[in-house]
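Visitor: Have a look at this one before I ask anything.
Rule-based calculations on the coordinates, nothing more; no lab input. Please read these numbers as outputs of a predicted model, since none were measured by experiment.
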Amino acid sequence: MDRSTIDFIQANTVPFLFVLGTVLLSGFLIRWVDRKKTPVIQFSGVSVGVLVMILGWNDTADPFKFWVWETVVGLILPLLLCCTYLFIKRGIPAENVLKYAAMPFGFLVSASLMFNASYEESKDAIITAMFPSIIGAFVSAVCLGKQNQLSARSEDVWDYVVFFAAILSASAIVLRLDQLLFRVGPIIMFIGATTCIFISLQDKQGKIERVLEASLYAALVVIALNTIIYMDEGTPLNTEERRAAWQAEIDFMKEESPEYAEILMNRTDEGNAFRWIPSLLAPIIFSIMLYCGAVLVALVRGSTDRILRLNWHLAEGFVFIVFIFFSPYSVLSD
């Protein structure tokens, strides 16, 4: 055996032992949980699995580098409110609520944080903003195996009040609502897209199912339309036409708002892309808000057959937002 082979074995023995130990630990956990089948044991097994996952992540990056507790509060408090209310009043277990609602609420909080981050033009803030969506999707995945304990009931006024408070707080905790609610164009865009899709859906579906699909597909349509706007207006200032339009805007703002004109003069290509994002994200946030409300009402009515599939369609749209809106601006360069 030559020296290079010996060095290779010595350098990789410990990592391979860690991998072997992880495999054995995972096998033990799965067997242990399957044999006991109690909620406490299952929760313990999931917790150990999460710790092992974080340990593996730590090998390539610091998992807590961008962790900010404030970004998770917007996810925890609304879900805690919904879980507590639905359990006390409707007898719906928390795992059933998290199974269906954790993912869309995670997307709502992340989209709201990205709305703020685009004002700051901060890549670190955008990376931090992704955590609630990841946590929400993970919690939903962990609860997938839970048996539904739902019964068909009609909702009342208090249901709508609590759900509205939960949805509004999910965004209000992490952004200024005045920046979101006073954008007339995005509101009109959201209303128009949702209305036309809702009307076009078959009447044989229940109203709440139509609202679920209308809000989801409205979000996807708006994402597609806003991507066209973003790729046209948010591109680098690398042509004479774009630079001329940019200079014309600066000349106009010198009289209207000298401070903003100064910001425009110092704006980079990446900053030019960032400034369009709040207006493009706003109608998407409204669509996700309506979708979250429809999910909660569907839980009360026991109409959850299609929610999981629709959640994953929403996940596809959210990933597309991250890839297009927050990709390096060089992706849009000519």
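Visitor: What list of ³J(HN,Hα) couplings, whole Hz, do you get for segment 83-89 from phi and the Karplus terms 6.51, -1.76, 1.60, once you set θ to phi - 60° and write x for glycine and proline?
Guide: Result, rounded to whole Hz: 4, 5, 5, 5, 6, 5, 8.
Visitor: Tell me, what HN-Hα J-couplings in whole Hz come from the Karplus equation 6.51 cos²θ - 1.76 cosθ + 1.60 at θ = phi - 60° for each residue of segment 92-103, using x for Gly and Pro?
Guide: Listing the rounded values in order: 8, x, 4, 5, 6, 5, 5, 4, 9, 9, 4, 5 Hz.
Visitor: Pull up all non-local amide H partners of R153: gap of 5 or more, or a different chain, and H-to-H distance under 5 Å with H placed in the peptide plane.
Guide: R301, G302
Visitor: Residue separation times 0.36 nm, minus the C-alpha to C-alpha distance between D251 and D156: what's the value?
Guide: This chain segment gains 28.7 nm when fully extended.
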